[in-house]
Amino acid sequence: MQLVFEELQRMNLRVSGLEEVNQTLLPSQQQLTERVGGTEEAVIRIEALLAVSHENTTNKTGSSKNISNQHPHLKNVVHPMLFNLCGIDKATAGDQAELIEMLCSQGELPGTEAFMVAINGKVNGLFINEIVNRIYENETSLRNTPGSKPELDDADYKKSVIMSMAKSYFRNIADQVGKQSNQRKQERHLKKQIATRRRARRAAVAGRRRDAVAQFEADYQVQGVAAMVDTDFISDVLSYKESDLSDASRDRRKEQNLGKGAKMTVRLEWRSLDYVVFLRVLDSIQKRGNVSVAVPAAGSADATTATTTAVTGPPSKRRKVGKKDVHKNNFDTHPSKMSTRTPDSQKAIPTIPFRGMMNTAWLSANPSTTVLDGMTWLEDFHKRAKEGDLTPEDREYLEELATWIAEHADDEGGSAEAEVSGV
């Protein structure tokens, strides 16, 4: 009996020890449970972020890669289907601009504002799925009907391909509708288009002038002339509405033997007379076709620039033709209409103008403008330009410009902007 009692005491001691251990482990178990719960929540959040990231990556890839040209037949089916579901007959509506205007006026494009945020959103997803299903079902019906000719290639006859095309086109249309419907966005978009168009015209002029640089350096025995030619130092060439043109500008256009359709050249008030003459001489050299090409120097392994006369064109035909200066298609506006655009180069390493390129009065009124010393040969260049390098029209305008500069040498303000809002 005594042995049984002792065994019970030992068992009680063991149970008590186990209870103490359990009480010790309980807080750790609770803490571990909380941490596991937090980890599960973090995993869920990470999965959600990865899903959004994948969707955004897919959208960006779809928007940056234009697949329309890879599936021309599918493109011709997807485009009208989108507009048909909006109640617009693409075949009779007119051009793309008119279609976008119609969408804006009736507001039929679903989810436009939210589209760029979530292309797979509920409203947009239903609309795009409807496009895909209709195209796929129509094509299936054609393929299963004897004597019918399928509209799509085999490579197009996949829902995944149709979906990619539909999303890509819907994204493009939604972006255009957003710009058209939002006036502020539309104004910014229009200004950007105009600025891009103007700069493209200036870049074309700058390219032609660079072609004439080597010949100019040979003719006038100077060097480094290319440093004075920059796209952003070029005059603006503007188109305009005929109704916006003043009578004075119409008269100038007529005096310069140009008619409707001729663009107007709006020059820059910061440029000196000598620099303008220099640019006119480059234009003259380029127009004559007397430009330089790179040829290897005799006895040298490296190619160096040698001045040569450009290869002449094909022999003239044996018939009488009227002489016409095809290069002269812009008319000069009056110096009082010069632009206030400053000499700010947009190159990665900006081109800095030389002091001789600057109108002295303008530079005095804008002392913070950075200029370089050098190109001293440019001083009084208007007196040394060769006779054949300036046309009578050039000299007439330069005399007008010289008079205007002299009369406004003490002005602090500068000239007015161009009279019309040219594009």
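The values are calculated or read from the model by the stated rules, or taken from the named source; none is laboratory data. This is a predicted model, so every value here is computed, not measured. So basically every Cβ, Gly included, is an ideal-geometry build from the backbone, and we count neighbours across all protein chains shown.
Check Thr304 against each of (1) at pLDDT below 60; (2) assigned to a loop (DSSP other than H, G, I, E, B) and name the one condition it does not meet.
Status for Thr304: all satisfied but (2).
Could you go through region 316-324 and let me know if any residue there is within 30 Å of Ser246 (Cβ to Cβ) and modelled with pLDDT under 95. Outline the logic, then answer.
Pass one, region 316-324, residues within 30 Å of Ser246 (Cβ to Cβ): 324.
Those still in the list that are modelled with pLDDT under 95 too: 324.
Looking for residues that are within 30 Å of Ser246 (Cβ to Cβ) and modelled with pLDDT under 95, one finds at least one in region 316-324, hence yes.
Which count do you get for residues in region 69-102 that are among the basic types (Lys, Arg) and modelled with pLDDT of 75 or more? So that I can check it myself, show each step before the final result.
Kept after step one, since they are among the basic types (Lys, Arg), are these residues of region 69-102: 75, 90.
With the extra rule that they be modelled with pLDDT of 75 or more, the set shrinks to 75.
Of the residues in that region, 1 qualify.
Could you check how many residues of region 184-223 are closer than 25 Å to Glu387 by Cβ and either under 14 Å from the mean Cα position of the chain (by Cα) or surrounded by fewer than 13 Cβ atoms within 10 Å (Cβ to Cβ) (or both)? Break it down into steps so the answer makes sense when it comes.
Residues of region 184-223 closer than 25 Å to Glu387 by Cβ: 205, 208-223.
Checking the rest, the ones that are also either under 14 Å from the mean Cα position of the chain (by Cα) or surrounded by fewer than 13 Cβ atoms within 10 Å (Cβ to Cβ) (or both) come to 221, 223.
The total comes to 2.
When the residues of region 143-171 are filtered to those that are part of a helix (DSSP H, G or I) and surrounded by fewer than 15 Cβ atoms within 10 Å (Cβ to Cβ), which remaining residue is nearest to the chain's Cα centre (by Cα)? Lay out the reasoning, then the answer.
First pass over region 143-171, keeping only residues part of a helix (DSSP H, G or I): 143-144, 159-171.
If we keep only those that are surrounded by fewer than 15 Cβ atoms within 10 Å (Cβ to Cβ) too, we end up with 143-144, 159-160.
Working: Arg143: 43, Asn144: 47, Lys159: 34, Ser160: 31 Å.
Among residues in region 143-171 that are part of a helix (DSSP H, G or I) and surrounded by fewer than 15 Cβ atoms within 10 Å (Cβ to Cβ), the one nearest to the chain's Cα centre (by Cα) is Ser160.
Somewhere in region 192-199, is a residue part of a helix (DSSP H, G or I), over 30 Å from Leu99 (Cβ atoms) and at pLDDT 90 or above? Give the steps one after another, and end with the answer.
Just the residues of region 192-199 that are part of a helix (DSSP H, G or I), to begin with: 192-199.
Add one more test, that the residue is over 30 Å from Leu99 (Cβ atoms), and what stays is none.
Scanning region 192-199 turns up no residue that is part of a helix (DSSP H, G or I), over 30 Å from Leu99 (Cβ atoms) and at pLDDT 90 or above.
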